[in-house]
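Below you'll find the structure, written out as structure tokens, and then a few comments.
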Amino acid sequence: MDRYFKETFYKLCEKTGKVIVDIEKTKVVRDSKRWKFKRASNNSKYWENKNKELVAKYLANELDGEYKSGSKKGRINPLYKNALLEEAEFSCTACSCSNLSGDGTPLLEVNHINGRDIPRSGFRENHEVLCPCCHGKVTSQARKSFA
């Protein structure tokens with residue numbers, strides 16, 4: 001993962017019809033931002049390597065990927081959310097659909113399989129990538145089972 005991961009662009013693959021990362025456009029924008037802020041030094045490479053290590057730990061279930069306090073409590077860190085999306089190949093794990101929104105970002109959500117109120121709720125084992133339709137079905141079924 002890169003320090004400028006918010007500057008990631010996506011496109012539809014002509015052969016498969018799936019969403020993929022537009023590597024060329026993403027690289028150009030990220031490099032221009034690095035030079036703009038004079039961060040092409042070892043400092044930016046340090047953060048790139050540190051983020052890669054953190055993502056590897058999260059995907060190996062060794063690291064909690066949620067914010068622990070404040071207004072973002074219970075939400076997944078965007079760094080780990082992007083890693084989940086890449087691992088799922090930008091498609092829903094239930095129905096395998098892959099759509100782009102109007103601004104070119106994938107229309108996918110991260111679902112907490114066993115909810116947010118359990119121990120280890122922020123770990124990889126409790127997260128799955130779903131499209132909004134499947135996410136709505138799963139959460140409504142969970143609500144009905146508790147009612």
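The values are calculated or read from the model by the stated rules, or taken from the named source; none is laboratory data. All figures in this text were calculated on a predicted structure; none of them were measured in a lab. Note that each Cβ is placed from the backbone with ideal geometry, even for glycine, and that neighbours are counted across all protein chains shown.
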## Note on the structure
Note on residue 86: of the conditions (1) under 23 Å from residue 9 (Cβ atoms); (2) touching a Cys at 6+ places or on another chain (Cβ under 6 Å), unmet is (2)
### Query
Among the residues of the stretch 108-138, which ones are β-branched (Val, Ile, Thr) and under 16 Å from residue 91 (Cα atoms)?
110, 129
### Query
With respect to residue 91, is the statement that it is at pLDDT below 85, in contact with a Lys or Arg (Cβ under 8 Å, 6 or more places away or on another chain) and surrounded by 18 or more Cβ atoms within 10 Å (Cβ to Cβ) true?
no
### Query
Which residue pairs have Cβ atoms under 9 Å apart, sit 6 or more places apart or on different chains, and have a first residue in the stretch 72-96 that is in contact (Cβ under 8 Å) with a residue 24 or more places away in the chain and on the phi > 0 side of the Ramachandran plot and a second that is in a loop (DSSP other than H, G, I, E, B) and crowded, with 19+ Cβ neighbours inside 10 Å?
74/122; 89/98; 90/98; 90/108
### Task
Give the stretch 65-83 a look and list any residue that's touching a Phe, Trp or Tyr at 6+ places or on another chain (Cβ under 6 Å) and either at pLDDT 85 or above or loosely packed, with under 14 Cβ neighbours inside 10 Å (or both), or say none.
73, 80, 82
